[in-house]
Amino acid sequence: MGDSSYNYKMFKCFNRKFKAREAGPPPDVKAIFSKFAQGGDLMSVDQFRSFLVEHQGEPADAVTPLDAHRILQEFSRRHPGEAAHHHQHVRGLTLEDFFNFLFLEEPMKKQIHHDMTAPISHYFIYTGHNSYLTGNQLSSDCSDVPIIKALEKGVKVIELDLWPNSAKDDVQVLHGRTLTTPVTLVKCLKSIKEHAFVKSPYPVVITFEDHLTPKLQAKVAEMVTQTFGDTLYYPVAEDQMVEFPSPESLKNRIIISTKPPKEGSGKDSSEEDEKSGSDGEPAIDKANAAEAKSFQQSAPEYKRLITIHAGKPSVELKDALAIGDKVRRLSLSEQKLEKAAEDHGTDVVRFTSKNILRVYPKGTRFNSSNYKPHVGWMHGAQMVAFNMQGNDKYNWLMHGMFRANGGC
């Protein structure tokens, strides 16, 4: 009995000593509030607008008194318990309200406010990696469900790995050379069509990792054109573009990006080679080599649909980063990016000023983990591709990066 009493007292003392206090507004917030409220207890709608324009840097013509009033009304609707009297929000903000407004989970301004008329290479793009996987990279199921979830989250680049089925008469999506179960390409395409623009009207890019014969490439071209119709964007001329179009001009359009096949050779994938540990073996086997030579005659429609031409650094990395007359996309693993940033940082930045750089996770991330995106962003990499299957801290960081500008 004595021991129990002693323990109870210690526990009680522990609670009192370490009881957390609710944090109030810090001195700098109090100073800002006092400045714009002119020493009063309530920041009026006009004073709140002055805070947004003068202190937050919002354009004066973009935040009218009516806009400021609307923001306060929205804040009141979503956070009715932040003040003692709900009706005060219509007239302004108390210090407590103002402090809570600064820490809103979501910004009140949801509309697109960036200039979206520059070439698409001028923007960071929310990019997924192996978008069809439901879990780990080795044995999880392939499905259109994670693709739908990614699009609803705001992801704008969907990656599909294309492989022949066992009969070699249809196209499947799966992580090659693993135990992942496939999903049909047509199912993925239809889901992309239905959910591509639920988050924003700006373009969705589909990147193909292509391991197909020319005959199946022609079938892919047919599937893509039939599924997307006029929504699909591709240049009228087959020549590679000298400048990418803008997101504004590509609203509600679907874009295909992959490595264009060349006459006399099949497709290969630098990423899949690294994932499988191979030394650059062709993506289609030797039995299909003869068929691949006739590509120009058998499937020119496939090549015609490719808007963003992709490639791998088949030469020295510095040479691969050289800027040519035509724009293109280059893919680097996270390790290769780190080395490129260390050895050729200026060249990487120069390359991304006109072209698109895609970074993808290293092949040993079997559990669908992710890497720090900062190196890519700091060097202008537009497509920092992430595994979207989990909820690791880097995934949240990526999600937060693309919540601004109306969630675009």
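By the count of other C-beta atoms within 10 Å, a proxy for reagent exposure, Asp161, Asp239, Asp67 are ordered fewest to most as Asp239, Asp67, Asp161. Counting every other Cβ atom within 10 Å of each residue's Cβ, Cys408, Cys188 order from fewest to most as Cys408, Cys188. Based on the Kirkwood approach, the hydrodynamic radius assigned to the stretch 120-407 is 19.0 Å, with every pair of different Cα atoms included.
Note on Lys168 and Glu54: their simple-model spin labels are 7.5 nm apart, each label 7 Å out from Cα toward Cβ.
Computed over the Cα atoms of the stretch 305-389, what is the convex hull's projected area averaged over all directions, in nm²? Average of the hull's projected areas for the stretch 305-389 equals 6.2 nm².
Where a number appears in this text, it was derived from the coordinates with a stated rule and is not lab data. Please read these numbers as outputs of a predicted model, since none were measured by experiment. Positions of Cβ are backbone-derived with ideal geometry, glycine not excepted, and every protein chain shown enters the neighbour counts.
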